[in-house]
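Inspection log for the structure reproduced underneath, given as structure tokens.
Taken together, the values in this text are just the output of simple stated rules run on the coordinates, not laboratory data. Everything quoted here is computed from the prediction, not taken from an experiment. Positions of Cβ are backbone-derived with ideal geometry, glycine not excepted, and every protein chain shown enters the neighbour counts.
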Amino acid sequence: QTRTRIKEALAAEGARDRITVRGWARTVRRGKEVAFIALNDGSCFASLQVVLSPELEHYEAAVRCGTGACLEVEGALVASPAAGQRWEVHARQVRLLGSSDADYPLQKKRHSFDFLRSIAHLRPRANAFGAVFRVRSALSFAIHNFFRERGFLYVHTPIITANDCEGAGEMFRVTTLDASAPPHSEGNIDWSQDFFGDRTGLTVSGQLQGELFASAFSDVYTFGPTFRAENSNTSRHAAEFWMIEPEMAFADLAEDCALAEDFLRYLVTFALQECGEDLVFFNERIEKGLLDKLEALAAAEFQTMSYSEAVQRLEKAGRSFEFPVAWGADLQSEHERYLTEEVVGGPLFVTDYPTDIKAFYMRQNDDGKTVAAMDLLVPRVGEIIGGSQREERLDVLQGKMTACGIDPQHLWWYLDSRRWGSCPHAGFGLGFERLLMYVTGMENIRDVIPFPRTPGNARF
Ligand code: 4AD
Ligand code: MG
């Protein structure tokens, strides 16, 4: 018999004489006359109530199956007298596909996110994580929809690469795992163990290759995993995260910001429309006021402020920060939060950062001190997008590379795009996990990615 997804069963138009569902028992409860199993198959937040009467064959075995057991239930879908659900299933046949027992770590009670992280292999079966990973999946599709509707080409940029796009020295090295290889030391690295003799690492960003494709296809985007060997233990940084990076030929910084704004609004609107049930859960249990916040974002225009103005606002804040504020220093997350939460009360583009604190590829402004960069900051999360107009002038770009200590020889292929048919262009990177933190209200990046990679966290 064909299986009906629980989401479909719960949304049925009318009763059905015969239905087959499969899923995992969230709870098993013996009543006075009958027993109840709440069955969940991940297709939606809600579980389907299965009613078992003692006449049922294998009744005792079914009732002893244990929380977490996997079951197949065949029976009738009938109107439920219980509050909060329209339908329940009266079982005619229950098949235990995989039993469980009292050692199952996800027994019915509230678990801390810390504990659930330690059982990342089982947590997808917990309510909150069901909701997180459904939203994650839905937004992945929305991202592709958005760019497809606008005629962007989807390009797969490499994971293994020799270039450090951000120049921040945060690349993981790629090498062959070989237990018998001689130990590496600082001064005597055996590159022959690396990528067939080449010095390579895991990409920190697909941008440089994205720029090459924008120089051929005009509007492109990448969406893939990126890696940062950043040994910081914060709730917003992961060593492996997913990034969406559009790149547009013939665009300047203002058009870049306009795309970022449209994009974020589209994604939030999509989540409100497609993930309503899950967002209601987040609104009730994770971040009070989440739905109002998302609806406000979908409706309002984002504000913009230059870096210099942001520094002035911070200096006039009338309070002290842990990190001092001074023109030329990067904004820390406490500063970003102050600006979005207390100054504008919503998303904020900060533009035109000092040249010295930004990457080599950003376009130099006429003032000689700043670059055409933008960061989009949002309340609670801080920086969610980083982008810029790119330096398209060959001589200026070469000068900036030298100033940043990058050997232009190393990026000869990138420079070629400025040599032949160079064009003004701009792009940005949206951190997918930061977006998910914003949309779900989850407070730790480790809780919006299936198997987080952070220092000390490479199991599973
Ligand atoms: O600001 P970033 O470093 O910019 C770039 O990589 C550019 N090449 C993007 C571009 O213009 N195409 O990173 C972009 C975004 C950040 O705003 C943040 O949302 C996210 O990526 N991000 C991280 N997310 C999780 N963990 C980390 N360690 C992250 N580092 C950056
Ligand atoms: Mg950044």
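Measuring r between the beta carbons of Ile160 and Thr402 and using R0 = 25 Å, the FRET efficiency lands at 0.40.
Relative protection proxy for 450-460, 277-287, from highest mean packing down: 277-287, 450-460 (other beta-carbon atoms within 10 angstrom). Amide H contacts under 5 Å for Trp87: Ser80, restricted to partners 5 or more places along the chain or on a different chain, H placed in the peptide plane at 1.01 Å from N. Summing charges over all other residues whose Cβ lies under 13 Å from the Cβ of Phe133, with Lys and Arg as +1 and Asp and Glu as -1, gives +1.
Projecting label points 7 angstrom from Cα along Cα→Cβ for Ala329 and Asn145 puts them 4.4 nm apart. The value of relative contact order for the range 6-98, using C-alpha pairs under 8 Å at least six residues apart, is 32 percent. A DSSP coil position with no more than 13 other Cβ atoms inside 10 Å describes the following chymotrypsin sites (Phe, Trp or Tyr not before Pro) in the range 283-363: Phe321, Trp327.
The local environment of Ala251, defined by Cβ-Cβ distances under 10 Å, has a net charge of -4 under the rule Lys, Arg +1 and Asp, Glu -1. Local charge for Ala239 was computed over the other residues whose Cβ lies under 10 Å away, with Lys and Arg +1 and Asp and Glu -1, and equals -1.
Listed by chain and number, the aspartates and glutamates placed with their C-alpha closer than 13 angstrom to that of Lys288 are Glu443; residues fewer than eight positions away on the same chain are left out. Couplings 3J(HN,Hα) of the range 362-368, computed from phi: 6, 6, 5, 7, 5, 5, x Hz, in residue order, whole Hz [Karplus 6.51 cos²θ - 1.76 cosθ + 1.60, θ = phi - 60°; x for Gly and Pro].
List the aspartates and glutamates whose Cα lies under 18 Å from the Cα of Lys400, skipping any in the same chain that are fewer than 8 positions away. By straight Cα distance, Lys400 reaches Asp164, Glu166, Glu211, Asp352, Asp356, Asp366, Asp367, Glu391, Glu392, Asp416.
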